[in-house]
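A quick write-up on the structure given underneath.
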């Protein structure tokens, strides 16, 4: 049996190499389960009789998944959550601790818990952190439209951004070459990317080539579009 395993690992010949690679890959996958299936040690080593150990796992409140990279501080001690969301303070003095959790990446709201440790304690304290979700805002897109040849405002041109629609109207000064332009103004949720289409429902003018436009929250963008008659 030992010779067989050694021969398999060495991979004598082409068949041996393929079989050996498959064997080692299978062992590696078994030894390193997917992150969501990661299991911490059943127990940490008991602390010295005059010390205590505090450990736990950090989870995302919305998904239930563990979080890596969270800074954990407790009365001057500090560590970072690792794979499996695990943090640990091993062999620390007994006492009452305020344990503070914060995300250096800024994706989670900070939180804290209290832990009372006595001599010889091995205490697990898990914590759930709430992700920071940016509230959606709005952006404004203003499109001024004129006839390419006459430089006059064109009424009734349809401007659409992913289903948000307005039709050009009025007369506005925008540019010295196009002193009178109509205007379409659309307010859309942002930040987001939109496909912009500019067409003439009356089929007097060629449509503008569709294009994509990104908007940030609170942003106001303006463009001038000059259309050519059909």
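The values are calculated or read from the model by the stated rules, or taken from the named source; none is laboratory data. Bear in mind the structure is a predicted one, so any value in this text is a computation, not a measurement. All Cβ positions, even for glycine, are placed from backbone atoms using ideal geometry, and neighbour counts span all protein chains on display.
Within segment 141-166, restricting attention to residues that are in a strand (DSSP E or B) and without any contact (Cβ under 8 Å) to a residue 24 or more places away in the chain, the residue that is nearest to the chain's Cα centre (by Cα) is 165.
Please enumerate the residues belonging to segment 183-230 that are over 27 Å from residue 137 (Cβ atoms) and not in a loop (DSSP other than H, G, I, E, B). The answer is 199, 205, 209, 226, 227, 229.
When residue 123 is tested against (1) at pLDDT below 95; (2) out of contact with any strand residue (DSSP E or B) (no Cβ under 6 Å at 6 or more places or on another chain), only condition (2) is not met.
Table: residues versus (1) within 23 Å of the chain's Cα centre (by Cα); (2) on the phi > 0 side of the Ramachandran plot.
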residue: 46; (1), (2): no, no
residue: 51; (1), (2): no, no
residue: 71; (1), (2): yes, no
residue: 84; (1), (2): yes, yes
residue: 88; (1), (2): no, no
residue: 101; (1), (2): yes, no
residue: 109; (1), (2): yes, no
residue: 113; (1), (2): no, no
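Against the condition under 30 Å from residue 51 (Cβ atoms) and either assigned by TED's automatic domain parsing to the domain that holds residue 187 or touching a helix residue (DSSP H, G or I) at 6+ places or on another chain (Cβ under 9 Å) (or both), how does residue 147 come out, does it pass? It is false that residue 147 is under 30 Å from residue 51 (Cβ atoms) and either assigned by TED's automatic domain parsing to the domain that holds residue 187 or touching a helix residue (DSSP H, G or I) at 6+ places or on another chain (Cβ under 9 Å) (or both). Checked against the criterion of being in contact (Cβ under 8 Å) with a residue 24 or more places away in the chain, farther than 17 Å from residue 102 by Cβ and surrounded by 18 or more Cβ atoms within 10 Å (Cβ to Cβ), the candidates 49, 53 yield just one match: 53.
Candidates in segment 62-82 are the residues that are touching a helix residue (DSSP H, G or I) at 6+ places or on another chain (Cβ under 7 Å) and in contact (Cβ under 8 Å) with a residue 24 or more places away in the chain; of these, the one that is farthest from residue 122 (Cα to Cα) is 65.
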